[in-house]
Amino acid sequence: MIDRILQASKSDARLLALLNEAREYAQIYLLAKDRKKGCEGTGELMTLREEFRDVIEKLGKYCGEKGCPCDINADDPDAAARTLRS
């Protein structure tokens, strides 16, 4: 799934920047989620989740504009974060 985006990002600096930003947010989100086990409803974690979703949506929109398939789903930030972390 992420392989197509990685391939396309080799020749597209904007896509690479968006992908790197999404990966950074994924790492931050997962670290915060692990540290806040049992506190998933807290404001800080909810804010991080929303910010991460926004970044994924930007990446998806850009991929769509460039005709690059993007299967990363902003509706499931946990799965998206795990995908981007790998």
> Give me the pairs: first residue in the stretch 1-21 and among the small types (Gly, Ala, Ser), second residue surrounded by 15 or more Cβ atoms within 10 Å (Cβ to Cβ), beta-carbon distance under 8 Å, and six or more apart or on different chains, which are they?
Replying inline: 8/15; 8/63; 8/68; 9/15; 9/16; 9/19
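Could you list all residues from the stretch 9-19 that are basic (Lys, Arg) and modelled with pLDDT under 95? Spell out the reasoning first.
If we filter the stretch 9-19 for residues that are basic (Lys, Arg), which is where we start, we get 10, 14.
The one that is basic (Lys, Arg) and modelled with pLDDT under 95: 10.
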>> Give me the residue from the stretch 2-17 that is assigned to a helix (DSSP H, G or I) and among the small types (Gly, Ala, Ser) and, out of that set, surrounded by the fewest Cβ atoms within 10 Å (Cβ to Cβ).
In response: 13
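So, of the residues in the stretch 20-79 that are acidic (Asp, Glu) and under 16 Å from residue 2 (Cα atoms), which turns out to be modelled with the lowest pLDDT?
First, the residues of the stretch 20-79 that are acidic (Asp, Glu): 21, 24, 34, 40, 44, 50-51, 54, 57, 65, 71, 75-76, 78.
In the following step, the residues that additionally are under 16 Å from residue 2 (Cα atoms) were identified as 21, 24, 57, 71, 76, 78.
Values: 21: 96, 24: 95, 57: 93, 71: 79, 76: 87, 78: 88.
Step by step, filter the stretch 20-79, then rank; the result is 71.
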> Identify, please: which residue in the stretch 1-29 is more than 13 Å from the chain's Cα centre (by Cα) and not aliphatic (A, V, I, L, M) and is, among those, farthest from residue 52 (Cα to Cα)?
Replying inline: 11
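The values are calculated or read from the model by the stated rules, or taken from the named source; none is laboratory data. What you see is a predicted model; the values in this text were computed from it and never measured. Glycine also receives a Cβ, built like all others from the backbone with ideal geometry; neighbour counts cover every protein chain displayed.
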